[in-house]
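K.L.:
Sending over a structure as structure tokens; questions will come in a sec.
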Ligand code: ACO
């Protein structure tokens, strides 16, 4: 057996997928056959989800039926609401993880992978919106079946109907981040479902992987850095200090892309509308300035690495423009990516193959058992 160790699995190809393809050198992303910029600004989230699940766009009747199926699954049980009420002081991603797990409360033994996937995708926005309102002292808002997925999410968060521009921008965001090859959370979902475990377990595990700052937890801190910088002349000293402390700049660098992440451009185009004038225009100019300074200093700091802007930097800009606070950025990423997790889980189930990589044992082999009374701490070791 080949025992070359690749701890980040960077060179390992562990799945064939028709869902999304990335060219990290060219900066290209294909979603089920569509170049990202061809799909994301035009489709609704439901159309993109249907595309991933069925490998084609729906016709009008199919889309209506699919939207109705999703809308019927948006409600969450009382006990889940009570759990979110008790979880008011936990991190929002932890609240989503706990809430997603509690979807099992009203699942039926007859629910197959598709029914569970539909339930998860439909209910994620309801869980996030309820968790967020409860921690801000507001009662959860019940979902409205007459609204699309994106519009209903904003409605449940704010209690008021969103503008068409906000809905279009959110659909564009949800389409942009729905799937991205074998990223860490998607791989997690595939590993879990490969044991023939259930779909809810797969998406719950994936939330845990998405939460980390090296994956989906970056956009909040990216925006925080812009606010900390505050004005253009502060950008260089603040970023230099962070790099000198050995910190990573959130929103920059990527495992696959060696050039600018194509999702950044799609999100930047969608965001422009919200930053046309006044204080918002000044914030937009600051964001662009911070990006340029960061890229320059990253190149100076690690000239051998090609560190470019990733999706999270412009996620922060777009979601802020739509009016979402920073603690909703990562949960909103999950509201989209659950579509990709479920589609990958279907693909993985079809392979009927358990994912189980090998490891190399590097420990000793000749230890001799000593009864507890005879053990002593070796010199140089702490007890
Ligand atoms: N800021 C400063 N230095 C960086 C950054 C960064 N954003 N990204 C990479 N580097 C440096 C690191 O110092 C690292 O050097 P080290 O080995 O001395 O620590 C070197 O470049 C190589 O980085 P890797 O860890 O090999 O890059 P990897 O491919 O594993 O990581 C990652 C990619 C995790 C995204 C990294 O670039 C990073 O931490 N970025 C900041 C967090 C972020 O934006 N996350 C969102 C990613 S997008 C997404 O998942 C949706």
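The values are calculated or read from the model by the stated rules, or taken from the named source; none is laboratory data. None of these values were measured; they are calculated from a predicted model. FYI the Cβ positions are ideal-geometry reconstructions off the backbone, even for glycines, and counts take in every protein chain you see.
K.L.:
Quick one: count up the residues across region 336-347 that are away from the ligand (no atom under 14 Å from the Cβ) and surrounded by 24 or more Cβ atoms within 10 Å (Cβ to Cβ).
P.N.:
Counting residues in region 336-347 that are away from the ligand (no atom under 14 Å from the Cβ) and surrounded by 24 or more Cβ atoms within 10 Å (Cβ to Cβ) gives 6.
K.L.:
Can you tell me which residues in region 163-179 are surrounded by fewer than 22 Cβ atoms within 10 Å (Cβ to Cβ) and outside any helix (DSSP H, G or I)?
P.N.:
163
K.L.:
While we're looking at this one, here's another question. Return only the number of the condition from (1) in a loop (DSSP other than H, G, I, E, B); (2) away from the ligand (no atom under 16 Å from the Cβ) that residue 203 does not satisfy.
P.N.:
It fails just one condition, (1).
K.L.:
Specify which of the listed residues (75, 27, 21, 8) is touching a strand residue (DSSP E or B) at 6+ places or on another chain (Cβ under 8 Å) and surrounded by fewer than 20 Cβ atoms within 10 Å (Cβ to Cβ). Let's see the steps before the verdict.
P.N.:
On the way: 75 fails: touching a strand residue (DSSP E or B) at 6+ places or on another chain (Cβ under 8 Å); 27 fails: touching a strand residue (DSSP E or B) at 6+ places or on another chain (Cβ under 8 Å); 8 fails: touching a strand residue (DSSP E or B) at 6+ places or on another chain (Cβ under 8 Å).
From the options 75, 27, 21, 8, the qualifying one is 21.
K.L.:
Quick check: anything in region 356-368 within 13 Å of the ligand (Cβ to nearest atom) and more than 24 Å from residue 169 (Cβ to Cβ)?
P.N.:
Initially, region 356-368 is screened for residues within 13 Å of the ligand (Cβ to nearest atom), giving none.
The answer is no, given that none of the residues of region 356-368 is within 13 Å of the ligand (Cβ to nearest atom) and more than 24 Å from residue 169 (Cβ to Cβ).
K.L.:
Which fully enclosed helices (runs of 4 or more DSSP H) of region 74-162 have 2 or more residues being modelled with pLDDT of 95 or more and under 21 Å from the mean Cα position of the chain (by Cα)?
P.N.:
Working: elements: 78-86, 92-101, 113-135, 149-158.
In region 74-162, 92-101, 113-135, 149-158 are the helices (runs of 4 or more DSSP H) which contain 2 or more residues that are modelled with pLDDT of 95 or more and under 21 Å from the mean Cα position of the chain (by Cα).
K.L.:
Let me ask something else about it. If you check 217, 212, which single one turns out to be in contact (Cβ under 8 Å) with a residue 60 or more places away in the chain, within 14 Å of the ligand (Cβ to nearest atom) and in a loop (DSSP other than H, G, I, E, B)?
P.N.:
Criteria check complete, one pass: 217.
Conditions tested, residue by residue: (1) crowded, with 24+ Cβ neighbours inside 10 Å; (2) in a helix (DSSP H, G or I); (3) at pLDDT below 95.
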position: 280; (1), (2), (3): no, yes, yes
position: 297; (1), (2), (3): no, yes, no
position: 313; (1), (2), (3): yes, yes, yes
position: 355; (1), (2), (3): no, no, no
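K.L.:
I would also like to ask the following. Out of 307, 298, 318, report the one residue that is under 21 Å from residue 28 (Cα atoms) and in contact with a strand residue (DSSP E or B) (Cβ under 7 Å, 6 or more places away or on another chain).
P.N.:
307
K.L.:
Then there is this: Do you know which residues across region 232-254 are in a loop (DSSP other than H, G, I, E, B) and near the ligand (Cβ under 8 Å from one of its atoms)?
P.N.:
246, 247, 248, 249, 250, 251, 253, 254
K.L.:
Given the conditions (1) more than 16 Å from the ligand (Cβ to nearest atom); (2) in contact (Cβ under 8 Å) with a residue 12 or more places away in the chain, and given that residue 31 satisfies all but one, which numbered condition is not satisfied?
P.N.:
(1)
K.L.:
I've got another one for you. Taking the condition in contact (Cβ under 8 Å) with a residue 12 or more places away in the chain, farther than 22 Å from residue 164 by Cβ and out of contact with any strand residue (DSSP E or B) (no Cβ under 6 Å at 6 or more places or on another chain), does residue 264 pass?
P.N.:
It is false that residue 264 is in contact (Cβ under 8 Å) with a residue 12 or more places away in the chain, farther than 22 Å from residue 164 by Cβ and out of contact with any strand residue (DSSP E or B) (no Cβ under 6 Å at 6 or more places or on another chain).
K.L.:
What is the number of the single condition among (1) in a loop (DSSP other than H, G, I, E, B); (2) more than 15 Å from the ligand (Cβ to nearest atom); (3) surrounded by 20 or more Cβ atoms within 10 Å (Cβ to Cβ) that residue 193 does not meet?
P.N.:
The failed condition is (1).
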